[in-house]
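The structure appears below as structure tokens.
The values are calculated or read from the model by the stated rules, or taken from the named source; none is laboratory data. Nothing here was measured: the structure is a model prediction, and the numbers come from that model. Cβ placement follows ideal geometry from the backbone for every residue including glycine, while neighbour counts extend to all protein chains displayed. Surface areas here come from the heavy atoms of the whole protein model, side chains and all, with no ligands, DNA or RNA. Shrake-Rupley method; radii C 1.70, N 1.55, O 1.52, S 1.80 Å.
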Amino acid sequence: MNTGFSKNIENLINDLRNQNSVTNPMVLEMVESYKLTEQDVAQYFSYNHSPDESYGRQLIYDNGNFKILLMSWKPGDFTAIHNHGYTEWGCVYFFGEATHRLYSVTNDELKIIQKDNFQKGQIASVSGNLTHMMGNSSSKNFSTLHIYGSNSQQSDVSKDAIVYLPELDKEVTTMGSAYLNMDKQLILSEKPLINVSNELVADYFSLVKLFYECNGLSPLLRNMEKKLGNRSIN
Ligand SMILES: [Fe+2]
């Protein structure tokens, strides 16, 4: 075991490695029991990520059937809308208040079903078909700890994650990354976007606008702007 891990992270990894099979209630209980702090993961902060990564994403540990990552969110950082591939169990632990959207995908239509934020100290369950989007609408940096696991896959548990990109009218698959303005090398396959309402596009636009503006990428929002009736981007 890499002794560079904090005691809490090392114990969490050992706990997960010692299980033959893990469920979401089990992983939630484990993570809750360690009372993690940002000091446990400070060595994985990546707030200085490049603009083609719309949030910091650092791998802490990958055992094949599960992996642990630390995501770092500067003000304006956001994921695209995405799911989690082959993930069967997992969670997100919030070290700060994150803006969050939950979506459903039915009959070839993507719909918003919840707009509640997650608060510091909360833990959210993750499974492969969880379709969501998260980011930082505040003025302060914060990080989140992510665990993705499988009882049947021995590698690449978040492979074939679907990422929905209204700004490009596309949906793509990746190994698990869900960046806005993603490098083409991260894309495994792509196809036209399923149906989305104007309400969804307007909400998405309001969330991602700051990231695109801060990185000189506003022209990439033109497509959505047109859909929204030529509203000005400024
Ligand atoms: Fe996610």
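The number of residues in the range 1-11 that are out of contact with any helix residue (DSSP H, G or I) (no Cβ under 6 Å at 6 or more places or on another chain) and surrounded by 14 or more Cβ atoms within 10 Å (Cβ to Cβ) comes to 3. With respect to the conditions (1) within 15 Å of the ligand (Cβ to nearest atom); (2) closer than 28 Å to Q19 by Cβ; (3) free of Cβ contacts under 8 Å to residues at least 40 places away in the same chain, K120 lacks only one, and its number is (1). Exactly one residue out of S218, S189 is hydroxyl-bearing (S, T, Y) and either farther than 24 Å from D108 by Cβ or touching a helix residue (DSSP H, G or I) at 6+ places or on another chain (Cβ under 7 Å) (or both), and it is S218.
Take the residues in the range 127-149 that are more than 15 Å from the ligand (Cβ to nearest atom) and of a type outside the set (D, E, K, R), then tell me which one is least open to solvent (accessible area, probe 1.4 Å). Per the criteria, the residue is F142. Got a sec? Which of V92, V105 is under 23 Å from K191 (Cα atoms), out of contact with any helix residue (DSSP H, G or I) (no Cβ under 7 Å at 6 or more places or on another chain) and among the hydrophobic types (A, V, I, L, M, F, W, C)? So the residue among V92, V105 that is under 23 Å from K191 (Cα atoms), out of contact with any helix residue (DSSP H, G or I) (no Cβ under 7 Å at 6 or more places or on another chain) and among the hydrophobic types (A, V, I, L, M, F, W, C) is V105.
Among residues of the range 63-75 that are aliphatic (A, V, I, L, M), those with a beta-carbon under 7 Å from a residue that is surrounded by fewer than 19 Cβ atoms within 10 Å (Cβ to Cβ) at least six positions away or on a different chain give the pairs I68/Y61; L69/Q58; L69/L59; L70/Q58.
Scanning the range 30-56 for residues that are in a helix (DSSP H, G or I) and surrounded by fewer than 13 Cβ atoms within 10 Å (Cβ to Cβ), which turns out nearest to the chain's Cα centre (by Cα)? Checking each candidate, the answer is A42. For the range 200-234, a residue qualifies if it is over 22 Å from the mean Cα position of the chain (by Cα) and in a loop (DSSP other than H, G, I, E, B), and the qualifying residues are G216, L228, G229, N230, R231, S232, I233, N234.
The criterion of being away from the ligand (no atom under 11 Å from the Cβ) and on the phi > 0 side of the Ramachandran plot does not hold for G90. Mind listing just one residue for me: the one in the range 150-160 that is within 15 Å of the chain's Cα centre (by Cα) and surrounded by 20 or more Cβ atoms within 10 Å (Cβ to Cβ) and, of those, nearest to the ligand (Cβ to nearest atom)? Applying the filter and picking the extreme gives S158.
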